[in-house]
């Protein structure tokens, strides 16, 4: 956890935000008295992992067959 004074935090706000986004904890103090903690509001979205559904779903040959006429008409509406 890093501690910055209010003056220093105002001067380096953009870099402090980058540090918080990288997972660091930042405390802003008045003099030597800690006042607030700068935290990330939302966690960054996790990136997709290739192959995460491997073995959990199967696609049969029926998937590639044409739809029946009545179902085609339903989708066209």
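Numerical summary
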| item | result |
| --- | --- |
| Viscosity 1.567 mPa s, temperature 4 °C, Stokes-Einstein D of the stretch 1-42 from Kirkwood C-alpha radius, µm²/s | 127 µm²/s |
| Whole-Å semi-axes of the ellipsoid equivalent to the stretch 17-62 (Cα gyration tensor, √5λ, descending) | 46, 8, 7 |
| Of (i) 12.5, 35; (ii) 14.8, 45; (iii) 26.4, 76, the label for Rg and Dmax of the Cα atoms in Å derived from the coordinates | (iii) |
| Helix-derived mean residue ellipticity, 222 nm - over the chain, DSSP H n ≥ 4, -39500 (n - 2.57), to 500 | -8000 deg cm²/dmol |
| Protection proxy ranking, peptides 69-76, 30-37, average beta carbon neighbours within 10 Å, highest first | 30-37, 69-76 |
| Residues in the stretch 11-38 that a label on residue 5 would reach, taking backbone N under 20 Å of a point 7 Å out along Cα→Cβ | 11-17, 26-38 |
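Just so you know, all these numbers are worked out from the coordinates, no wet-lab data involved. Everything numeric in this text was worked out from a predicted model, so none of it was measured. With ideal geometry, Cβ positions are generated from the backbone for all residues, glycine too; neighbour counts draw on all protein chains shown.
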